[in-house]
Amino acid sequence: QISFKPAATLADYTDVGPGEVKRLSAEQSNTSIAVGEHMLLKLYRRLQSGPHPEVEVARFLTEVAGFANTPPLLGTVEYTAPDGSPTALAIVQRFLRNQGDAWSWLLNQLKRELDTIALIPPQETIQVEDALASLLQTVRTLGRRTAELHLAFATPTDDPAFSLEPMTIDDVRVAADDARRQGERAFAAVARLTRQAEGPARESMEALLERREECWSLIGRCVEAPDGAVKTRIHGDYHLGQVLIVQNDVMIVDFEGEPSRPVDERRAKGSPLRDVAGMLRSFAYVAETAARDVDLHFASRETDRLYEIARAAHQLSRTAFLESYREVVEGTPIWTTDDRSRRNLLELHLLGKALYEINYEAGHRPDWIDIPIQGVLSILDHERSAS
């Protein structure tokens with residue numbers, strides 16, 4: 001049986017005619033259709049029996065937590081099997097007019113600034129933070145909204161799928177085991193690609209392979225009792241492409257989780273710092289991508305300077321995001337009060353994410369693999385300097 005289940009909020013919207021229905025895109029895992037000016041129908045093309053992560057998260061954030069910075073749920077389309085098990089076929093949410101996703105917005109902002117900086121005489125001092133004021137303001141807004149999302153996930157509830165729980169050492173071991181699996185795949189992929197690589201790319205790959213044991217050691221050191229930490233539902237696949245720029249604010253979308261993971265993993269609770277780590281890695285990608293694009297435009301005349309400014313932008317974005325995030329969550333139930341535990345969890349998730357990226361780039365965009373390789377090396381360098 002196939003049924004449409006409207007949310008209470010759907011009553012606020014008027015009927016639309018056939019001429020107001022327009023297909024927007026054909027994405028990897030779903031198809032989006034605008035229904036009138038205010039509704040978006042997302043048809044799932046990867047069907048799975050049981051609770052769908054995006055459907056249940058949208059329902060919780062809309063009807064329980066009242067989180068304002070994600071599109072409200074308007075309804076769902078489900079197939080119910082003879083045994084009663086549901087399969088989500090589609091979700092209807094409010095359609096948001098926007099200026100594009102945060103990845104494209106921040107990338108274009110940074111490229112414009114790098115274009116300008118490349119024309120400034122080398123002897124002139126550049127005030128990077130002043131030049132990036134607009135970009136950093138958006139990053140601060142994103143930090144606040146991310147924190148508010150995590151507080152929304154911690155809304156008191158009797159629903160066991162969403163109730164806040166203390167994090168245990170076993171939860172940390174699960175995250176560490178996942179990081180090791182990602183690492184095994186990443187190192188195998190890099191070893192394979194190294195045989196064909198030349199020049200700086202080969203040097204970067206060899207540098208990573210030489211630090212394999214250091215990587216395993218860092219993962220092991222992060223496995224400690226997480227004092228004062230909690231686990232909640234999280235976004236699970238959080239990066240700049242999952243955020244829309246809407247006027248002077250941001251809206252967080254797409255709560256399906258990482259497509260390559262089983263549904264049980266995508267519905268599992270985790271540390272909010274996993275989302276934080278995903279966004280920090282996304283800032284690194286923006287900085288490196290912007291520098292590459294502008295470097296090609298200027299035919300390497302300002303290569304060193306461009307990359308220096310881009311990496312400064314990355315650090316400024318990282319700091320702005322973390323500071324604004326902390327301002328909202330510090331002193332709340334989701335804040336990990338113990339500094340060592342908080343640092344361990346963030347480092348573990350940053351390393352696991354960067355190792356995942358290496359494996360992804362090896363299979364899809366080998367020319368990009370240096371970005372996550374440098375991410376892993378940077379994490380290891382930071383840990384070495386702190387020891």
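Can you flag which of Lys22/Lys269; Lys111/Lys231; Lys111/Lys269; Lys42/Lys353; Lys22/Lys111 are past 29 Å Cα-Cα? Violating the 29 Å Cα-Cα cut-off are Lys22/Lys269; Lys111/Lys231; Lys111/Lys269; Lys22/Lys111. Rounded to the nearest 0.05, what FRET efficiency do Asp115 and Ala68 give with R0 = 45 Å and r taken as the Cβ-Cβ distance? Could you check? After rounding to 0.05, the efficiency reads 0.80.
May I ask for the Kirkwood hydrodynamic radius of segment 164-311, worked out over all distinct Cα pairs and given in angstroms to one decimal? When all Cα pairs of segment 164-311 are included, the Kirkwood radius is 18.3 Å. Residues whose amide H falls under 5 Å from that of Leu89, counting only those 5 or more places apart or on a different chain, are Val77, Glu78, Tyr79, with hydrogens built in the peptide plane. Taking a sphere under 10 Å around the Cβ of Leu193 and counting the other residues whose Cβ falls inside, with K and R at +1 and D and E at -1, yields a net charge of +2. If you take all other residues with their beta carbon under 10 Å from the beta carbon of Met167, and give Lys and Arg +1 and Asp and Glu -1, the sum is -2.
Find the all-direction average of the projected area of the Cα convex hull for segment 318-382, expressing the result in square nanometres with one decimal place. Please list the in-between numbers first.
Values: hull surface 21.2 nm².
Quarter of the Cα hull surface area: 5.3 nm².
At q = 0.13, 0.14, 0.20, 0.22 Å⁻¹, what log₁₀ I(q)/I(0) does a Debye calculation on the Cα points of segment 242-347 give, no solvent, two decimals? The Debye formula, applied to the Cα set alone, gives -0.68, -0.77, -1.18, -1.26.
Which value, in debye to the nearest 20, gives the size of the charge dipole of the chain about its Cα centre, when Lys and Arg are +1 and Asp and Glu are -1 at the Cβ? Intermediate results must be reported in sequence, preceding the final value.
Values: 44 positive and 59 negative charges, 106 e Å.
The calculated dipole for the chain is roughly 520 debye.
Solvent-accessible area per residue for segment 262-347 at a 1.4 Å probe radius, Å²? List each step's numbers first, then the result.
Values: 3820 Å² over 86 residues.
Result: 44 Å² of accessible area for each residue.
Sparse packing (at most 11 other Cβ atoms within 10 Å of the Cβ) combined with a DSSP loop state is found for the following GluC sites (Glu not before Pro) in segment 104-195: Glu124.
As an exercise, find the ratio Rg/Rh for segment 51-126 from alpha-carbon atoms, using the Kirkwood inverse-distance average for Rh.
Details: Rg = 21.9 Å, Rh = 16.4 Å.
Reported Rg/Rh, Kirkwood definition of Rh: 1.34.
A dipole drawn for the chain from +1 and -1 charges on Cβ atoms has a positive end, and of Val77, Tyr238, Gln374 the residue lying farthest that way is Val77. Taking every C-alpha pair closer than 8 Å and separated by at least 6 residues, the mean separation divided by the residue count of segment 61-175 gives a relative contact order of 22 percent. Each residue of segment 270-284 was assigned a 3J(HN,Hα) from its phi angle through the Karplus expression (A = 6.51, B = -1.76, C = 1.60, θ = phi - 60°), giving x, 6, x, 5, 5, 5, 4, 4, x, 5, 4, 5, 5, 4, 4 Hz with x at Gly and Pro.
Cα centroids of segment 331-387 and segment 24-94: 31 Å apart. Candidates Ala65, Ala34, Gln123 compared by Cα position along the dipole of segment 1-132: farthest toward the positive end lies Ala34, with charges placed on Cβ. Among the GluC sites (Glu not before Pro) within segment 21-85, those in coil by DSSP and having at most 14 neighbouring Cβ atoms inside 10 Å are Glu27, Glu37.
Relative to the current alpha-carbon distance between Thr168 and Ser260, full extension at 0.36 nm per residue lengthens the span by 30.6 nm. Dipole orientation for the chain: of the candidates Pro262, Leu348, Thr332, Pro262 has the Cα lying most toward the positive pole (charges on Cβ; Lys, Arg +1; Asp, Glu -1).
Can you compute log10 of I(q)/I(0) for segment 116-221 with the Debye formula, treating each Cα as one identical point scatterer, at q = 0.14, 0.19 Å⁻¹? The calculated log intensity ratios at q = 0.14, 0.19 Å⁻¹ are -0.98, -0.96.
Along segment 125-131 the Karplus relation, 6.51 cos²θ - 1.76 cosθ + 1.60 evaluated at θ = phi - 60°, assigns HN-Hα couplings of 7, 10, 8, 4, 5, 5, 5 Hz to successive residues, with x for each Gly and Pro.
At most 13 other C-beta atoms within 10 Å and a DSSP loop state: those are the exposed trypsin sites (Lys or Arg not before Pro) I care about. Give me the longest piece of the chain that has none.
Free of exposed loop sites, the longest segment is 196-300.
On the basis of the beta-carbon distance and an R0 of 22 Å, Leu10 and Asp83 show a calculated FRET efficiency of 0.20.
Whenever you get a sec, compute what percent of the accessible area on the chain sits on carbon and sulfur atoms (1.4 Å probe).
Details: 9230 of 18510 Å².
The C+S portion of the solvent-accessible surface of the chain is 50 percent.
Calculated mean residue ellipticity, 222 nm, the chain: -17000 deg cm²/dmol, from DSSP H runs (n ≥ 4) at -39500 (n - 2.57) each, averaged per residue and rounded to 500. Two numbers describe the Cα atoms of segment 194-258: Rg and Dmax, which are 19.2, 48 Å.
So if R0 is 35 Å, what FRET efficiency would Val223 and Arg326 give, r being the distance between their Cβ atoms, rounded to the nearest 0.05? If you can, show how the numbers build up before the last one.
Numbers: r = 24 Å, r/R0 = 0.69.
Approximately 0.90, to the nearest 0.05.
Shape analysis of the chain yields a ratio of the Cα radius of gyration to the Kirkwood radius, Rg/Rh, of 0.98. Taking all protein chains into account, the per residue accessible area for segment 85-144 stands at 50 Å² (1.4 Å probe).
Quickly rank 246-253, 369-376, 155-162 as a protection proxy: mean count of other C-beta atoms within 10 Å, highest first. Don't jump to the answer; show the numbers that get you there.
On the way: 246-253: 16.5, 369-376: 22.8, 155-162: 12.8.
Put in order of decreasing packing, that is 369-376, 246-253, 155-162.
For a test of the definition: using alpha carbon positions, the gyration tensor, and the 1.5 limit on a/c, classify segment 94-134 as rounded, prolate or oblate. Taking the square roots of the gyration eigenvalues as a ≥ b ≥ c, segment 94-134 is prolate. Cys215 sits among other residues whose Cβ lies under 15 Å from its own Cβ, and their net charge, with Lys and Arg +1 and Asp and Glu -1, is -3.
The values are calculated or read from the model by the stated rules, or taken from the named source; none is laboratory data. What you see is a predicted model; the values in this text were computed from it and never measured. Here Cβ is always computed from backbone atoms with ideal geometry, including for glycine, and neighbour counts include all displayed protein chains. These area figures cover heavy atoms from the full protein model, side chains too; ligands, DNA and RNA do not enter into them. Shrake-Rupley method; radii C 1.70, N 1.55, O 1.52, S 1.80 Å.
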